[in-house]
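The values are calculated or read from the model by the stated rules, or taken from the named source; none is laboratory data. Since this is a predicted model, take the numbers as computed values, not measurements. Glycine gets a Cβ as well: all are built from the backbone with ideal geometry, and neighbour counts include every protein chain shown. The area values use the complete protein model at the heavy-atom level, side chains included, leaving out ligands, DNA and RNA. Shrake-Rupley method; radii C 1.70, N 1.55, O 1.52, S 1.80 Å.
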There are 4 protein chains.
Amino acid sequence: MRLTLLINCQDTSGIIAEVTNFFHKRNGNIVYIDQYVDTENGTFFMRLENEFSSEFDIDKLRLDFEKSIAQTYKMDWKLFAKERLLKMAIFVSKYDHCLYDILGRYKAGELNIEIPFIISNHNNLAPIAKAFDIPFYHIPVTKDTKIEAEEKQLSLLKEFEIDFIVLARYMQIISDKLIAEYPNNIINIHHSFLPAFAGAKPYHSAYKRGVKIIGATCHYVTAELDAGPIIEQDIARISHSNSIQDLILKGRDLEKIVFARGIKLHIQRKTMVFNNKTIIFN
Amino acid sequence: MRLTLLINCQDTSGIIAEVTNFFHKRNGNIVYIDQYVDTENGTFFMRLENEFSSEFDIDKLRLDFEKSIAQTYKMDWKLFAKERLLKMAIFVSKYDHCLYDILGRYKAGELNIEIPFIISNHNNLAPIAKAFDIPFYHIPVTKDTKIEAEEKQLSLLKEFEIDFIVLARYMQIISDKLIAEYPNNIINIHHSFLPAFAGAKPYHSAYKRGVKIIGATCHYVTAELDAGPIIEQDIARISHSNSIQDLILKGRDLEKIVFARGIKLHIQRKTMVFNNKTIIFN
Amino acid sequence: MRLTLLINCQDTSGIIAEVTNFFHKRNGNIVYIDQYVDTENGTFFMRLENEFSSEFDIDKLRLDFEKSIAQTYKMDWKLFAKERLLKMAIFVSKYDHCLYDILGRYKAGELNIEIPFIISNHNNLAPIAKAFDIPFYHIPVTKDTKIEAEEKQLSLLKEFEIDFIVLARYMQIISDKLIAEYPNNIINIHHSFLPAFAGAKPYHSAYKRGVKIIGATCHYVTAELDAGPIIEQDIARISHSNSIQDLILKGRDLEKIVFARGIKLHIQRKTMVFNNKTIIFN
Amino acid sequence: MRLTLLINCQDTSGIIAEVTNFFHKRNGNIVYIDQYVDTENGTFFMRLENEFSSEFDIDKLRLDFEKSIAQTYKMDWKLFAKERLLKMAIFVSKYDHCLYDILGRYKAGELNIEIPFIISNHNNLAPIAKAFDIPFYHIPVTKDTKIEAEEKQLSLLKEFEIDFIVLARYMQIISDKLIAEYPNNIINIHHSFLPAFAGAKPYHSAYKRGVKIIGATCHYVTAELDAGPIIEQDIARISHSNSIQDLILKGRDLEKIVFARGIKLHIQRKTMVFNNKTIIFN
């Protein structure tokens, strides 16, 4: 059995020794450790993967850890057991490239998750869902139906015990309520190298400014638009000869790749959020 | 003899044929042609390199071109003859890495120019100028001496017939007067991927926002700070574990490379400015 | 109507003027010109896009061009009219990621072609073909059936008037006969930065050598394995901590992107082959 | 005081706990830990930085560590104290760009080392050494003087207690004897993405093959030419229009950057060699 531990707390001497001892005494073999100290804030971060040759009571282990270590150091911590696959919901609107990419990766065995359903405010992509054999829920969002639509979304998310949500170019603002239900569990792909060109139509703005690179940013969604913790970014070179249409087309590949990398880091529990920034473990 | 022609005008049919014929009839061999149409604005751009086996009167050619073609198409055009090396002035403050890089390239024969002098508002880098055998002028800039300092700069620039200026991390605002004297001939290196993190301390802002890439932007200086036409940009990957100091250090290499690329494009007459954007010919 | 002209011939003075005049006189508007001289071999290359406001007899134009220009300069030339979509056949074996990627792009409207069918030596990917609604032909290849299989392939290619073939991780050697039928029209994706790690299992070799980058190469297939003209290459950073499995997974994204870029360049008639190298027009 | 520990040994349970405890008990604060298991070979690697608030007897600590831990696990280990700056010798021939770059970085305070001298088989770069105020030894190497030259080199290296050597485009084969004296302490920059284009004139070979990327590789020198453990690699995009001269020029920037990165990793004790591959700690 494999357990993944994520920790952050105030930095002090001896944490690593104490934590590694804790698992060593319980016959855990540490197969992976990555640690980082934010010296500016004096905060300690660690990710640990432990392998145990036999099954045992995880809840008891959690209790032990809380009492013997976590309380002492006032840790913010999470312990994940690879008991089951994470459940990921996909939100889309009309753009299909990210959806094709995620579903292609999913079918190719690249993403170790379940995808219980796709939600969209439009019906356009229903055939893709069908081709990949994933349930598709069409929940239109208008000014008048916004709250009702959100209720439907939440009810589906709960019914299927969704762990996290990916916004595959979902062109709607996510409500604070939904964000509060899934803190650091809603992943968006934005088509610019944030903080440049936040908001709508970034490719148009990039074209107008005459930049020589375009980018894409995968980030956790927070209440403030396009200002959440950045998980991953990348860029592509462009030139004066590229039209806005060219940027949109080139940007697609960026969006797909950056989004997929961000989603994978999340699935592997390699992200930790602190002060609106991410720590990305190797 | 080699002539380089840069053109822009309203797009219409037949320009390429007419221009290429013009040089063909005068026994010029077109060794290079690059053309681009900005379809949004309906503007035509072209860069042409012509080789002539014998010397002749360039001023007469300029007159011919103006009368027979340029007036017809209402062209904005420039014809450069490789008669002499361009003269480049370097402005610096205290940071030395860009200065070392430019001078290293210059001495290694990479930049086909003359460097008549270095101007600085501080005395710190005088030893480097001396080691590389370039005259160094210390012109302090304070609130009170600003105008006087500018006059000294201008007088030196004129005396040495400087063609263009590079700001190698020169930490002063360039006055509108100087900009007006050298339109699209003052090149700055800014240490961020503009338009993100314009202004002071971009590495500090990048650190605070938690971006996963940092960048550098080489651009022509205009009256609006960090908003001039972008010549070249590039980025480097960073991670949560990089301190501000790390960003500054990583950024140095970016700044050097992006700056050098921009300067070279300018020297080779491969840049053209239109609507606050650059056309970069191959 | 838009015509695309590709030329190469011995370099000499006046070609550009003569060719641009030819189209200008016929009321063609040159919307794009890209030219390059290989000074080592003294060879001239040019790509021209002409727009004509009215329809006319292309065959007559071809004849005119041949007589009035091409013969004089002993040109190797091709003139393409955008009359119809190119027909692309896909060959696959068992790997599905490149297939998913191509078909996703195709359905998303990114590739302006027809895909009459997919051929595979295995049956595994038939369901994907079905999901995307593309005919799938299972043609097993064994030592004994090799020649027969090839005949079946050729007969399908002819029946459907296939213009070019893409090998989406097709794990079979292409016969000289097939290559001869489709010179510079069979596109392969190889999972290394060629010429490093040609042949089988490049990721295993890369792992063993301890390289810090892996790559992918899109190239035209020639008789010599993995030695054909390179259309496009790119790389990704890896580290000591990446297992062979990691390389294979990271490599997938590279393969998909580099393959797609190469295919698009081919579709847009932006490639020209000379001396086993490609000229890639902008 | 800060100590850096590098370890490798057969992988087994409990190593991390035992090592971290060892330092914890001695009042060391682990400020950095990076660990990696090569599962293929079952080998464990770890790098640890410990901070101690007071001075103490390092030799005693070394003995303790050897007896209480290293022997048990049959570790290959090194413990570095930041007592003094490393001493780096530079070998050059005629190319100056890497030399300018290293010396520029050195003077800018980027490399935390001493450079006691530069050795060259030619006299050309003596003025650069003088400008940067570094002793320069001209030791010509011919067929007849090879052994004698090597003796002179070795004698200088010993006299100045050189820790490691960098070959800044030194165009001579390093003898087995010198390699044996400085195992994994001679750093070379090769101007290709190895293993492609090993040996002489890689840019010429790259041009001939028509690759779309060129590269540079920083590696430790071993007896087999260009086959030593790779520390760092990077690439730059090129096109058909680049001449061999262009490749050489573009490659310079690559060489400088990749070389500098490799040298820094070595200085920071972040490299470990195993099975002719490097482990690069973060």
Restricting to the stretch C:71-93, name every residue that is touching a residue at least 40 places away in the same chain (Cβ under 8 Å) and among the aliphatic types (A, V, I, L, M).
C:Met75, C:Leu79, C:Ala81, C:Leu86, C:Met88, C:Ala89, C:Ile90, C:Val92
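Residues are listed down the side, and each one gets a yes or a no for (1) more than 24 Å from B:Leu249 (Cα to Cα); (2) among the acidic types (Asp, Glu):
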| position | (1), (2) |
| --- | --- |
| D:Leu79 | yes, no |
| D:Gly109 | no, no |
| D:Ile115 | no, no |
| D:Asn121 | yes, no |
| D:His138 | yes, no |
| D:Gln153 | yes, no |
| D:Val166 | no, no |
| D:Glu181 | yes, yes |
Starting from the stretch B:238-258, keep only residues that are at negative phi, then list their pairs with residues that are open to solvent by less than 50 Å² (accessible area, probe 1.4 Å) and of a type in the set (Gly, Ala, Ser) whose Cβ atoms are within a distance under 6 Å, requiring at least 6 positions of separation or different chains.
B:Lys250/B:Ala236; B:Leu254/B:Ala216; B:Leu254/B:Ala236; B:Glu255/B:Ala216; B:Val258/B:Ala216
Return the total of residues in the stretch D:19-65 being in a loop (DSSP other than H, G, I, E, B), touching a strand residue (DSSP E or B) at 6+ places or on another chain (Cβ under 9 Å) and of a type in the set (D, E, K, R).
1
One residue from C:Ile189, C:Ile128, C:Ile162 being buried (at least 18 other Cβ atoms within 10 Å of the Cβ), farther than 21 Å from C:Tyr95 by Cα, at pLDDT 95 or above and among the β-branched types (Val, Ile, Thr)
C:Ile162
Scan (1) assigned by TED's automatic domain parsing to the domain that holds B:His138; (2) open to solvent by less than 40 Å² (accessible area, probe 1.4 Å) for the single condition B:Tyr95 breaks and write down its number.
(2)
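Here are some residues: C:Asn124, C:Asn188. Which one is over 18 Å from the mean Cα position of the chain (by Cα), more than 14 Å from chain D (Cβ to nearest Cβ) and either over 28 Å from D:Gly199 (Cα atoms) or part of a loop (DSSP other than H, G, I, E, B) (or both)? So that I can check it myself, show each step before the final result.
Numbers: C:Asn188 fails: over 18 Å from the mean Cα position of the chain (by Cα).
When all the criteria are applied, what remains is C:Asn124.
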Assess whether B:Gly109 counts as being of a type outside the set (Lys, Arg), in a loop (DSSP other than H, G, I, E, B) and assigned by TED's automatic domain parsing to the domain that holds B:Ile186.
yes
Qualifying positions in the stretch B:192-221 - open to solvent by 20 Å² or more (accessible area, probe 1.4 Å), within 8 Å of another protein chain (Cβ to nearest Cβ) and assigned to a loop (DSSP other than H, G, I, E, B):
B:Pro195, B:Phe197
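Let's see how each residue does on (1) at the interface with another protein chain (Cβ under 9 Å from one of its Cβ atoms); (2) part of a strand (DSSP E or B):
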site	(1), (2)
C:Asp226	no, no
C:Gln233	yes, yes
C:Ser241	yes, no
C:Asp246	no, no
C:Leu249	yes, no
C:Leu254	no, no
C:Phe259	no, no
C:Gly262	no, no
I'm told D:Val19 meets every condition in (1) more than 11 Å from every other protein chain (Cβ to nearest Cβ); (2) within 30 Å of A:Glu40 (Cα to Cα) except one. Can you identify the failing condition by its number?
(1)
So if I check each of D:Ser120, D:Ser155, which one is hydroxyl-bearing (Ser, Thr, Tyr), under 30 Å from D:Arg84 (Cβ atoms) and in contact with a Phe, Trp or Tyr (Cβ under 9 Å, 6 or more places away or on another chain)?
D:Ser120
With the condition kept exactly as written, say whether any residue in the stretch D:94-109 is out of contact with any Asp or Glu (no Cβ under 7 Å at 6 or more places or on another chain), farther than 23 Å from D:Glu161 by Cβ, free of Cβ contacts under 8 Å to residues at least 60 places away in the same chain and away from chain B (no Cβ under 14 Å).
no
For the subset of the stretch A:131-144 comprising residues that are open to solvent by 30 Å² or more (accessible area, probe 1.4 Å) and more than 14 Å from A:Ile119 (Cβ to Cβ), which member is farthest from the chain's Cα centre (by Cα)?
A:Asp144
Among the residues of the stretch D:1-34, how many are polar (S, T, N, Q), open to solvent by 10 Å² or more (accessible area, probe 1.4 Å) and under 24 Å from A:Gln10 (Cα atoms)?
3
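Listed residues D:Met75, D:Met88; which is open to solvent by less than 60 Å² (accessible area, probe 1.4 Å), more than 14 Å from every other protein chain (Cβ to nearest Cβ) and under 30 Å from D:Asn121 (Cα atoms)?
Residue meeting the stated conditions: D:Met88.
Of everything in the stretch D:240-267, what is under 20 Å from B:Leu265 (Cα atoms) and open to solvent by 40 Å² or more (accessible area, probe 1.4 Å)? Give them in sequence order.
Filtering the stretch D:240-267 down to residues under 20 Å from B:Leu265 (Cα atoms) leaves D:240-254.
Correct list: D:Ser241, D:Ser243, D:Gln245, D:Asp246, D:Ile248, D:Leu249, D:Lys250.
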Cβ-Cβ under 8 Å pairs, at least 6 apart or on other chains, the stretch A:26-48 side within 8 Å of chain D (Cβ to nearest Cβ), far side in a strand (DSSP E or B) and among the aromatic types (Phe, Trp, Tyr):
A:Gln35/A:Phe44; A:Gln35/A:Phe45; A:Gln35/D:Tyr32; A:Val37/A:Phe44; A:Val37/A:Phe45; A:Val37/D:Tyr32
Among (1) crowded, with 16+ Cβ neighbours inside 10 Å; (2) closer than 27 Å to B:Phe274 by Cα; (3) of a type in the set (D, E, K, R), the one test that B:Asp101 misses:
(2)
From the option list B:Glu114, B:Glu150, single residue qualifying as under 18 Å from the mean Cα position of the chain (by Cα) and not aromatic (Phe, Trp, Tyr) is B:Glu114
Residue match in the stretch B:148-162 (condition: among the aromatic types (Phe, Trp, Tyr) and in a helix (DSSP H, G or I))
no
Based on what the data block shows, is B:Glu49 open to solvent by less than 60 Å² (accessible area, probe 1.4 Å), under 30 Å from D:Asp96 (Cβ atoms), modelled with pLDDT under 95 and within 22 Å of the chain's Cα centre (by Cα)?
yes
